[in-house]
Amino acid sequence: MWGSLLMNNQRLRTKSSAKFRVFAIKSENSTVSRLDDLLNLDVTPYTDKIIAEYIWIGGTGIDLRSKSRTISKPVKHPLELPKWNYDGSSTGQAPGEDSEVILYPQAIFKDPFRGGNNILVICDSYTPSGEPIPTNKRHRAAQIFSNKKVIDEVPWYGIEQEYTLLQTNVKWPLGWPVGGYPGPQGPYYCSAGADKSFGRDISDAHYKACLYAGINISGTNGEVMPGQWEFQVGPSVGIEAGDDVWCARYILERITEQAGVVLSLDPKPIEGDWNGAGCHTNYSTKSMREEGGFEVIKKAILNLSLRHKDHISAYGEGNERRLTGKHETADINTFSWGVANRGCSIRVGRETEKQGKGYLEDRRPASNMDPYVVTSLLAETTLLWEPTLEAEALAAQKLALQV
């Protein structure tokens, strides 16, 4: 093939510039084709070795980093994988004079990009002496989820991850005229059509890739603001919810990278009369799901109201731009709850009220929240933290809750 290209190039010198342009396009396409052939190459028949993509959270607490290494044979459990290290000074997680950060493999998923026995590995980060670094929120979450009280209650999470797709060069939502605005919100939510739905291929590709990887993804839909989408993960138990969401985010980053589109988890990407992006977190415990569970839910709401500021401070950066009391949000400074009310901090579904058991939805988390922080904090506040009787009585009166 290379010889043929050289011969064509010799003949090309005597031809017109127009034909040269055609040749250049053909040459580029053939190069892409050869790259695709290699990228899709299945090495399984030729070697037992696999590629493991080690993934970790970077210095901002929201950026994802990864690098690859060869493993001698297929593995099924993270404990079978070696620890690794990276240069923390290049990710904002360590000083240059002592830059080594250690990766501990924690969860394994199938790799939808490389296929075969290759894997994605969710890791958390530690100092060489074994201390979790400040951006390692998984370590604290794992401690909470290993508490016997929490284990016995089998906490379930369903996380609704909203995100916005942006045009690469202008950082403006996909489908929007550059520097301009589409028609007002209304026709875009769960819509179909070239004038209403922008980015469906990315959403569908992500959906299938997550299913392939083994992530417990449960659905997807177009959102209220054009160019905005949502996927749902769960029900996932305990720490698995955070692992699933972080891996799903990584896969989405890779897909948008390939598509030439920018992924944004900004909670309010466009100011004005446009919906923000949240990460609503549905939560239940064994006691909530059993008979009489509605009373347990109300007690949990009471506790959540008393720790409202603690939760808000941990629920994502820039959330004050989103939680304004408008666009299906509650005001950031005021705790509220209601049945079927999307303008509240905590929403309880009609079916839960009717059956007297079920789950609650925390609508406060921003799209850029850390799922390890949010899920473990919900468990801590509702299962491990006990308010004083006086504080509980005052909160119950304020919220009109009879517990």
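The values are calculated or read from the model by the stated rules, or taken from the named source; none is laboratory data. This structure is a prediction, so every number in the text was calculated from the model and none was measured. Cβ atoms come from the backbone with ideal geometry, glycine included; neighbour counts cover every protein chain shown. Just the protein is used for accessible areas: all its heavy atoms, side chains included, with ligands, DNA and RNA removed. Shrake-Rupley method; radii C 1.70, N 1.55, O 1.52, S 1.80 Å.
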Item to complete: Working only within the stretch 82-99, note down all residues that are more than 21 Å from R254 (Cβ to Cβ), modelled with pLDDT of 95 or more and outside any loop (DSSP other than H, G, I, E, B).
Response: N85, D87, G88, S89
Discussion item. Residues that are open to solvent by 30 Å² or more (accessible area, probe 1.4 Å) and of a type in the set (S, T, N, Q): list the strands (runs of 3 or more DSSP E) wholly contained in the stretch 204-274 that include at least 1 such residues.
Written reply: 217-222, 228-237
Worksheet item: For N117, are the conditions met, namely being assigned to a loop (DSSP other than H, G, I, E, B) and open to solvent by less than 20 Å² (accessible area, probe 1.4 Å)?
Response: no
Fill in: Residue count, the stretch 96-110 (criterion: of a type in the set (F, W, Y) and within 20 Å of C210 (Cβ to Cβ))
1
Worksheet item: Does I108 qualify as being surrounded by 21 or more Cβ atoms within 10 Å (Cβ to Cβ), touching a Pro at 6+ places or on another chain (Cβ under 7 Å), on the phi < 0 side of the Ramachandran plot and modelled with pLDDT of 95 or more?
Response: yes
Item to complete: For the stretch 358-371, indicate whether the set of residues that are farther than 29 Å from L263 by Cα and in contact with a strand residue (DSSP E or B) (Cβ under 8 Å, 6 or more places away or on another chain) is non-empty.
Response: yes
Worksheet item: Which of (1) out of contact with any helix residue (DSSP H, G or I) (no Cβ under 7 Å at 6 or more places or on another chain); (2) surrounded by fewer than 13 Cβ atoms within 10 Å (Cβ to Cβ); (3) farther than 30 Å from I71 by Cβ is the odd one out, the single condition R200 does not satisfy?
Response: (2)
Discussion item. Of all residues being out of contact with any helix residue (DSSP H, G or I) (no Cβ under 6 Å at 6 or more places or on another chain) and among the small types (G, A, S) in the stretch 120-160, which is most open to solvent (accessible area, probe 1.4 Å)? Just the residue, please.
Written reply: S129
Worksheet item: From the list E317, E328, E351, E380, which one is under 23 Å from V154 (Cβ atoms) and touching a residue at least 40 places away in the same chain (Cβ under 8 Å)?
Response: E380
Practice prompt. Tell me, please, whether a residue that is under 24 Å from S146 (Cα atoms), crowded, with 23+ Cβ neighbours inside 10 Å, at pLDDT 95 or above and not polar (S, T, N, Q) can be found in the stretch 342-360.
Written response: yes
Discussion item. Given the criteria in contact with a Pro (Cβ under 7 Å, 6 or more places away or on another chain) and among the polar types (S, T, N, Q), does T281 qualify?
Written reply: yes
Worksheet item: Going by the conditions given, is S367 open to solvent by less than 60 Å² (accessible area, probe 1.4 Å), among the polar types (S, T, N, Q), touching a Cys at 6+ places or on another chain (Cβ under 8 Å) and modelled with pLDDT of 95 or more?
Response: yes
Worksheet, complete the sentence: Exception for P128 within (1) under 25 Å from K73 (Cα atoms); (2) in a loop (DSSP other than H, G, I, E, B) falls at (1)
Worksheet item: Out of curiosity, is V101 under 19 Å from N136 (Cβ atoms), free of Cβ contacts under 8 Å to residues at least 60 places away in the same chain and open to solvent by less than 60 Å² (accessible area, probe 1.4 Å)?
Response: yes
Discussion item. Quick check on my filter: what residues within the stretch 147-190 are of a type in the set (S, T, N, Q) and without any contact (Cβ under 8 Å) to a residue 60 or more places away in the chain?
Written reply: N169
Practice prompt. Quickly run through the stretch 47-81 and pick out the residues that are under 18 Å from H139 (Cβ atoms) and assigned to a strand (DSSP E or B).
Written response: Y54, I55, W56, I57, L64, R65
